[in-house]
Amino acid sequence: MEGINIVLRILWTGGVTRIALEEARNIPGSKLIVYRRARTNYDLSNVNLQVLFEGEKPNPIFWLITSIYAGQRGREATVDLDRVIKARDLIRGPALFHDQFGGLTGYLRWRKYGEDYAVYIHETSLDNEGFKWVLPKLLEKEILSHSKLILTNSKWNAEILSSNGFRAEVVYPGCYPVEKINIDREKIVLAVSLWDEWRRPQIYGEIAKRIKGKLIMAGSWARRDTMEAFMRQYKDVIVTGPISEEELNKLYERAAVLIRFGFHERGPGMGVLEAMAHGVPVIVNDGLGSKELIDGNGFVVRDWEEAVDRINEILEDERMRKDMSLRSWEIAKKLSWKNHAQRVKELIEEKLS
């Protein structure tokens, strides 16, 4: 098979971009095709990158539509339907489209040129309730119905897709496990994400008041006003804002535990995997897909009050923390980007001719 096209709508900070980028870096002969470039600090070395619509800003009409579903993420999250349609005539060969909106390009290619396509679903809309979801659900079903291969990032997503008649292969995102972990840690509780109102940052502020250590919230914020409002309300939390991978890796090396909440967020959260790669114990709630990755390397909690208890337990029990650190690292070794890329390559070669 000729090289694989890894197709991404927006090159910006976030888990979807990271997965697509690492697939392109680790699958020989592949190309990362991006419709639009936004702000990001990811390392793009050793990636064959093509930006189809360089320098074009999001169309305000499409932002109005996008804001109905994800207004908290800001204008950079706009689903550019005009570019999705135009890309139909610009992409050739085996292609994996990241998310169902990118998959619309694959569907349109199939309709016009008869070319098969694959889709990686990060968050399915098929179990969302309410009138506003009627059209996105119909669109997603049509796109998935004609896809030769559906990949997804958690068993949770796969179960929802299965209940709607679609078989999906679970291929967890990856990480780069370090060669040696730092056993001695500071009493730092780390939270890593692309922050917006939907991720309820106030929860971390309340946790910070009650733990026997300091809490650092690392990562970009979708909207600056959301970050500034949080910092005014919770002055004891260290908020890094945009941070380089080098700086983030140093925090992973120092932190005693990582905390991450999701709210019907079926993906694992890239910060969880990256923390495990550095041997950090992780605490997640049952609303996050990475609950599937907890096996002696942390806790799954019901609410933030329980999270406080589990954080303090880890901070105070050095033997427990060290055991969990080693377990996190061992699990991460099986979830390397190399293994992820190899599995994606095998499935695409099997399903797409």
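The values are calculated or read from the model by the stated rules, or taken from the named source; none is laboratory data. Fair warning: this is a prediction, and the values are worked out from it, not measured in the lab. Neighbour counts run over all protein chains shown; Cβ positions are idealised from the backbone, glycine included. Protein only, heavy atoms only, side chains kept; ligands, DNA and RNA dropped before computing areas. Shrake-Rupley method; radii C 1.70, N 1.55, O 1.52, S 1.80 Å.
Given the criteria open to solvent by 60 Å² or more (accessible area, probe 1.4 Å) and in a loop (DSSP other than H, G, I, E, B), does Lys180 qualify?
yes
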Subset of the range 90-111 that is closer than 18 Å to Glu350 by Cβ and aliphatic (A, V, I, L, M) - its residue that is surrounded by the fewest Cβ atoms within 10 Å (Cβ to Cβ): Ala95
The one condition in (1) over 26 Å from Gln342 (Cβ atoms); (2) modelled with pLDDT of 75 or more; (3) part of a loop (DSSP other than H, G, I, E, B); (4) open to solvent by 50 Å² or more (accessible area, probe 1.4 Å) that Asn46 fails to fulfil: (1)
Number of positions in the range 112-132 that are of a type in the set (A, V, I, L, M, F, W, C) and open to solvent by 50 Å² or more (accessible area, probe 1.4 Å): 1
Residue that is most open to solvent (accessible area, probe 1.4 Å), among those in the range 274-312 that are closer than 18 Å to Ile203 by Cβ and charged (D, E, K, R): Arg302
Residue check, Ile207 part of a helix (DSSP H, G or I), β-branched (Val, Ile, Thr) and surrounded by 21 or more Cβ atoms within 10 Å (Cβ to Cβ): yes
Helices (runs of 4 or more DSSP H) within the range 274-353 that include 1 or more residues closer than 19 Å to Leu251 by Cβ: 304-316, 318-334
Breaking point among (1) open to solvent by 20 Å² or more (accessible area, probe 1.4 Å); (2) of a type in the set (S, T, N, Q); (3) modelled with pLDDT of 95 or more, for Thr152: (1)
So Arg266, is it touching an Asp or Glu at 6+ places or on another chain (Cβ under 8 Å) and either open to solvent by 20 Å² or more (accessible area, probe 1.4 Å) or under 20 Å from Leu251 (Cβ atoms) (or both): no
Residue ID - modelled with the lowest pLDDT, chosen from residues in the range 89-106 that are assigned to a helix (DSSP H, G or I) and in contact with a Ser or Thr (Cβ under 8 Å, 6 or more places away or on another chain): Gln100
Among residues of the range 205-247, those that are in contact with a Lys or Arg (Cβ under 9 Å, 6 or more places away or on another chain) and in contact (Cβ under 8 Å) with a residue 60 or more places away in the chain, counted: 7
First in the range 1-25 and open to solvent by 10 Å² or more (accessible area, probe 1.4 Å), second anywhere and in a helix (DSSP H, G or I), Cβ under 6 Å, 6 or more apart: Met1/Glu349; Arg9/Gly102; Trp12/Glu76; Gly15/Met270; Arg18/Met270
The range 163-176, subset open to solvent by 40 Å² or more (accessible area, probe 1.4 Å) and in contact (Cβ under 8 Å) with a residue 60 or more places away in the chain, residue nearest to Asp303 (Cα to Cα): Tyr172
Matching entry among Leu190, Leu151, Leu144, Leu139 (being assigned to a helix (DSSP H, G or I), under 23 Å from the mean Cα position of the chain (by Cα) and touching a residue at least 40 places away in the same chain (Cβ under 8 Å)): Leu144
Gly74 being open to solvent by less than 20 Å² (accessible area, probe 1.4 Å), at pLDDT below 80 and under 22 Å from the mean Cα position of the chain (by Cα): yes
Lys137 vs. criteria farther than 19 Å from Ile4 by Cα and open to solvent by less than 70 Å² (accessible area, probe 1.4 Å): yes
Contacts under 7 angstrom Cβ, first residue in the range 248-267 being in contact (Cβ under 8 Å) with a residue 24 or more places away in the chain, partner in a loop (DSSP other than H, G, I, E, B) and polar (S, T, N, Q), 6 or more apart: Glu253/Asn182; Arg260/Ser193; Arg266/Ser154; Gly267/Asn153; Gly267/Ser154
